[in-house]
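Notes follow once the structure below has been shown.
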Amino acid sequence: VPGHMNLDKIADAVKAGVEMAGGTPILIPAIGVCDGIAMGHVGMKYSLASRELICDSVETMLMAHQLDGLVLVPNCDKIVPGMLMGALRLNIPSVVCSGGPMMAGVYNGEEGSLSKMFEAVGARKIGLIDDAMLEECETGVCPGCGSCAGMYTANSMNCLTEAIGLALPGNGTILASHSYRKDLFERAAKQVVKIAHQYYDDSDDSVLPRSIATKEAFENAMTMDVAMGGSTNTVLHILAMAQSADVDFTLDDIERISHTVPCICKASPSGKWEISDVHRAGGITGILGELDRAGKLHRDGHSIDY
């Protein structure tokens, strides 16, 4: 899975960060279905179901081994919400640090991402392009590691996680191949040790996932999601997350927000801009800043104190 091909290096960086902060890291793998591969055949029926398996596995390993905290390292469509659901169920010190988005590719002289590949397959079927052009697209639009470039489900969920307060700034938009990403991994690892001490030593439950992911935080995250033009699949996942957190956040809340928040970020595939462009323009923090100036956000919630 391209979105996961760099996660072994991330895991090593996270483990090193936990050790530097005085913790003892234990690496626990998770399964991951690639929605791009699981498409057009019976395998596509297994993708959403894998979210529940991932959530259950996080809960199972935590409860069985009584771990003190979690650094969750997801990257693709069902892994991000599955791990978030597990963290919200368990409500122990947790930080999400995704593998990061893929850099945009180039096809026919223009920047592009996964949707260009889908379009090229259709174009070849009806004879608009030949085999050579299809191969150029195949080798050009997904040029490296990371979750598929563009505001698809995985990147949308990673951005939403940042907005809800369970990931450090930059989680959603720093490219997987960028040097800044390694610094983010190490900071996330040190952060989970810090908040574990806050909770277990000082009885400070404000650092726990359910204290951070309140109804107001869910509304802020969905407000940001609408503003950035995220994947509609986030509706499916944010409602499951709210249920895991025992938060009364429903489809009616999403409907209300969607009627009052404009889309201000035309990222691929709904526009020409790529994730790297969003990051250079200020990332999720920049979008939240615009929404805050417009009075669209709740301002008094908790987040990870980075």
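A few remarks follow.
- Sorted from longest to shortest, the spans of the Cα atoms of the stretch 99-239 along the three principal axes equal 66, 31, 18 Å.
- For the stretch 71-114, a Kirkwood radius taken over Cα pairs fed into Stokes-Einstein (10 °C, viscosity 1.306 mPa s) yields D = 128 µm²/s.
- For the stretch 1-86, the calculated P(r), taken from all Cα-Cα distances in 5 Å bins from zero up to the bin holding the longest distance, is 3, 14, 22, 22, 19, 11, 5, 3, 1, 0 percent.
- Kirkwood analysis of the stretch 176-244, using all unique Cα-Cα pairs, places the hydrodynamic radius at 14.5 Å.
- In the chain, the alpha-carbon atoms span a convex hull of 130 Å³ per residue.
- Segment L27-V235, length gained on full extension (0.36 nm per residue, minus Cα span): 71.8 nm
- Selection from Q198, G86, G271 lying farthest towards where the dipole of the chain points positive, charges on Cβ: G271
- Alpha-carbon centroids, the stretch 206-254 and the stretch 73-98: separation in whole Å: 13
- Sites T250 and M20 - FRET efficiency at Förster radius 25 Å, r taken between beta-carbons, to 0.05: 0.05
- Taken about its Cα centre, the chain carries a charge dipole of roughly 240 debye when the Cβ of each Lys and Arg holds +1 and the Cβ of each Asp and Glu holds -1.
- Straight Cα distances below 24 angstrom link K9 to the lysines K78, K182, K190, K194, with same-chain residues fewer than 8 positions distant left out.
- Between 0 and 90°, nearest 10: helix 79-90 axis offset from the chain longest Cα axis: 20
- In this simple spin-label model, placing a label point 7 Å from the Cα along the Cα-to-Cβ direction at both D8 and L134 gives a separation of 3.2 nm.
Values quoted throughout were computed directly from the atomic coordinates according to the rules given, and no laboratory measurement underlies them. Values in this document were obtained by computation on a predicted structure and should not be read as measured data. Counting neighbours? That spans all protein chains shown, and the Cβs are built from the backbone with ideal geometry, glycine included.
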